[in-house]
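The values are calculated or read from the model by the stated rules, or taken from the named source; none is laboratory data. Not measured: the values here are computed from a predicted model. When we count neighbours, we look across all protein chains shown, and the Cβ atoms used for this are built from the backbone with ideal geometry, even at glycine. Ligands, DNA and RNA are excluded from the accessible area calculation, which covers all protein heavy atoms including side chains. Shrake-Rupley method; radii C 1.70, N 1.55, O 1.52, S 1.80 Å.
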Amino acid sequence: MMSAFWVLLKRDLLLALRRRSEIFTVLFFFLIVISLFPLGVGSEDATLKKIAPGVVWIAALLASTLALDRLFANDYLDGTLEQLTLAPQSLSVMVFAKMIAHWLLTGLPLVLIAPLVGLFYHLPSNTIGVMMLVLLLGTPVLSMIGAIAAALTLGLRGGGVLVSLLVLPLYIPVLVYGAGAISASMVEGLSIQPYLLLLSAFMLLALIFSPWATAAALKISLE
Amino acid sequence: MTLEVKNLQCIRGDRELFTDLSFQLEESQLMMLEGQNGSGKTTLLRSLCGLYLQDQGEILWNGISIKKQDEDYRRELLYLGHLNGIKADLTVLENLRFNATLAGKIPSTDKLMQALDTIGLYAFEDFPTSQLSQGQKRRVALARLLISKAKLWILDEPFVALDIAAVELLQSIIANHVDNGGMVILTTHQEVPLTSGKIKRLSLSEEQDNLPSSAK
């Protein structure tokens, strides 16, 4: 079973490497949204520090929905998804491999580029650390929740827009606590621990339910 | 090993595709599924794979419902549909290796190359499949048959896009599988000559039943 898991993970990463533009569109979208805000809102030090947590997270949410409709769509069109569901492995495991690949390609780059964002917004170094940490905890949740919606809308016309409508409201808890942690880290004496614990709880919850829910949704979409 | 279908019924929208369909398939048997376009051949094949849930009836593998055995059944099953199930950005060899590993085998490169050689893709192994012709892509998908250990092959129009030589090759691959105690269900308008084993025929065409109910 594990060999099929690894071979699928490896295949998805290999496919992305052969189509690098898809990784970079997400990353550049994230950077552009983030750099537009100072131009529109003003670049005073205090304003930037105040809006930074929300802007980073909203940009991350939008960037991750951008890549969602590709998660299963290509496999669906060329028939490999059909073969995945017929493989003698649990579909949830296969779906989990795809989610991890998706996060490595769209979530992890956002975490790694976060220090640059910190510089844009004059954030103190410990806040940049916190930002990377919460992005590390939160972006997998985005990929996992997003996968459910992507599976549900598979094969529908205009599925891409529908995915955003379905998924953005579900991202709210991650947005609230993710941005809250970054804000809290800039205030003397506030602990960020509760935020981190809640985000970790979201991640565990998503880890347990999303592969199973996505697999069920895929079976319905394939019918 | 047996595949048994009992009173299968399938309705799509207000159209009854088939109803009360029963048959049994045993080792060394090949079943040709016949019927005009739109008579529900593909739907039946997808139901047999568990991809499509039938409205009524049962599909039993060795006497147990396929819904209950899930992975055990899928290990014995190889399905080739209208879509080839290969990735355009991967090379021929990578595609075959991925498909084989997914089916639970970790094949050696020698064995994969041998299969590609047999299927007529010698020297194409490092080509991205996007550069191949339609027939060659079909061959990449068919190469799975040579590696598979599955007992039950379900093939939906396997001869489409193949040239004469490839059709003959595929006929002999199928006959060989039946010879070795395998089972094959396929939809095609092409005859498959067998050296041993038995051919069954199932026809889905019953003129009146296939019309939308509003037309009756």
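Computed quantities for the displayed model
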quantity: Count - residues of the range B:17-58 that are open to solvent by 30 Å² or more (accessible area, probe 1.4 Å) and among the β-branched types (Val, Ile, Thr); calculated: 2
quantity: Any hit, the range B:123-130, residues being free of Cβ contacts under 8 Å to residues at least 12 places away in the same chain, open to solvent by 60 Å² or more (accessible area, probe 1.4 Å), over 18 Å from B:Gly81 (Cβ atoms) and outside any loop (DSSP other than H, G, I, E, B); calculated: no
quantity: Options B:Asp110, B:Asp117, B:Asp14; residue that is open to solvent by 70 Å² or more (accessible area, probe 1.4 Å) and more than 29 Å from A:Leu9 (Cα to Cα); calculated: B:Asp14
quantity: From B:Gly50, B:Gly40, B:Gly13, residue being in contact with a Phe, Trp or Tyr (Cβ under 6 Å, 6 or more places away or on another chain), on the phi > 0 side of the Ramachandran plot and of a type in the set (Gly, Ala, Ser); calculated: B:Gly40
quantity: Failed criterion for B:Ser39 (all others in (1) within 14 Å of another protein chain (Cβ to nearest Cβ); (2) under 21 Å from B:Lys200 (Cα atoms); (3) not basic (Lys, Arg) hold); calculated: (1)
quantity: In the range B:141-150, the residues that are crowded, with 19+ Cβ neighbours inside 10 Å and not aliphatic (A, V, I, L, M); calculated: B:Arg144, B:Ser148
quantity: Residues (among the small types (Gly, Ala, Ser) and part of a strand (DSSP E or B)) located in the range B:1-59; calculated: B:Ser22, B:Gly57
quantity: Elements of type helices (runs of 4 or more DSSP H) in the range A:33-110, at least 2 residues being within 14 Å of chain B (Cβ to nearest Cβ) and either over 24 Å from B:Ser130 (Cβ atoms) or open to solvent by less than 50 Å² (accessible area, probe 1.4 Å) (or both); calculated: A:70-78, A:80-86, A:91-106
quantity: Condition check for B:Asn62: open to solvent by 10 Å² or more (accessible area, probe 1.4 Å), more than 12 Å from chain A (Cβ to nearest Cβ), farther than 21 Å from B:Ser205 by Cβ and among the polar types (S, T, N, Q); calculated: yes
quantity: Filter result (of a type in the set (Asp, Glu) and within 8 Å of chain A (Cβ to nearest Cβ)) within the range B:71-126; calculated: B:Glu71, B:Asp72, B:Asp89, B:Glu94
